Amino acid sequence: MTRRESATRGLALNPRWTDWHGKRVWVVGASSGIGAALARALLARGARVAVSGRRVAALASVVAGHPQGLPLPMDATCPHEWVDAHRTLTDTWQGVDMVIFCAAEYRPLRPWEVSAQEARRTIETNLGSVYYGLAAALPAMLDRKAGSLVLLASVAGYMGLPNATVYGPTKAALINLAELLYAELHGRGLGVYLVNPGFVRTRLTARNDFFMPGLLSTEAAAESILTGLARGRFEIAFPSRFTRLVGLASMLPYRLRLALLQRLMKPG
């Protein structure tokens, strides 16, 4: 149980995804990391999976040996490429049942290390790409009154954590957006799922030079996401112990929370 579902324990806030056979899933940001692991896990369960990202060879590797896999290279920071890719999916599969937004950029930065170029790239990838995807895919889902959106945020969005000067605020925005989308779209027949992982071993977290508690493999992260989707959860947060602690810390009064953050951010 996550901090945002305590009042609805045992109730599914979303459709339960237990049978993936033949389902049409579009994973964006699937050339590596959680997206790639999730795409492979879905293919193994019989889903039709389109994988998008900028690295063509990596996408081909993810779906290799799976006739139901479709490499769909694109740059998630380009709105027109979302439109073109969605049109291709519509022509090929007559639509898509679920879009999973995994595209992410991260570099550990303190405030005085931020550059305009770095900030723009991270915001465009982590947040802007989701809006471009919504503009491309949401109208068709609303017409059908069916479909699901999965937003990959992070526990870094719960509160201002060290080294996440640009990354953390983009993930906080995704948490806010997921809540808004659920409130607006649930009554229209759509599912909205918010994924808040802790530390996962990826090429992005490899940039960290500090201890990462509860570090998971991408395969374990993918299984946690699929378990949450099967239970119809709104928020899928893992590993549970670490995410629960960060969630509790985020609810402390500012006097205590800011003191804790200052202590965490002291060098050494």
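Among the candidates 95, 133, which residue alone is open to solvent by less than 60 Å² (accessible area, probe 1.4 Å), of a type outside the set (S, T, N, Q), over 22 Å from residue 242 (Cβ atoms) and outside any loop (DSSP other than H, G, I, E, B)?
Working: 95 fails: outside any loop (DSSP other than H, G, I, E, B).
On inspection, the qualifying residue turns out to be 133.
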Next on the checklist: Can you go through 257, 231, 188 and tell me which one is open to solvent by 60 Å² or more (accessible area, probe 1.4 Å) and touching a residue at least 60 places away in the same chain (Cβ under 8 Å)?
Outcome noted: 231
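Checking the structure you have, find out if any residue of the stretch 208-216 is of a type in the set (Phe, Trp, Tyr), closer than 18 Å to residue 151 by Cβ and in contact (Cβ under 8 Å) with a residue 24 or more places away in the chain. Don't jump to the end; show me each part of the working.
Step one: filter the stretch 208-216 for residues of a type in the set (Phe, Trp, Tyr), giving 210-211.
From what's left, closer than 18 Å to residue 151 by Cβ: none.
So far as the stretch 208-216 goes, no, none of its residues is of a type in the set (Phe, Trp, Tyr), closer than 18 Å to residue 151 by Cβ and in contact (Cβ under 8 Å) with a residue 24 or more places away in the chain.
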Item to check | Which numbered condition residue 131 fails, given (1) touching a residue at least 12 places away in the same chain (Cβ under 8 Å); (2) under 15 Å from the mean Cα position of the chain (by Cα); (3) under 25 Å from residue 32 (Cβ atoms) | outcome: (1)
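The values are calculated or read from the model by the stated rules, or taken from the named source; none is laboratory data. Since the model is a prediction, treat every value here as computed from it, not as a measurement. Because the Cβ atoms are built from the backbone with ideal geometry, glycine has one as well, and the counts that use them run over all protein chains shown. Side chains are part of the model used for accessible areas, which takes the heavy atoms of the whole protein and leaves out ligands, DNA and RNA. Shrake-Rupley method; radii C 1.70, N 1.55, O 1.52, S 1.80 Å.
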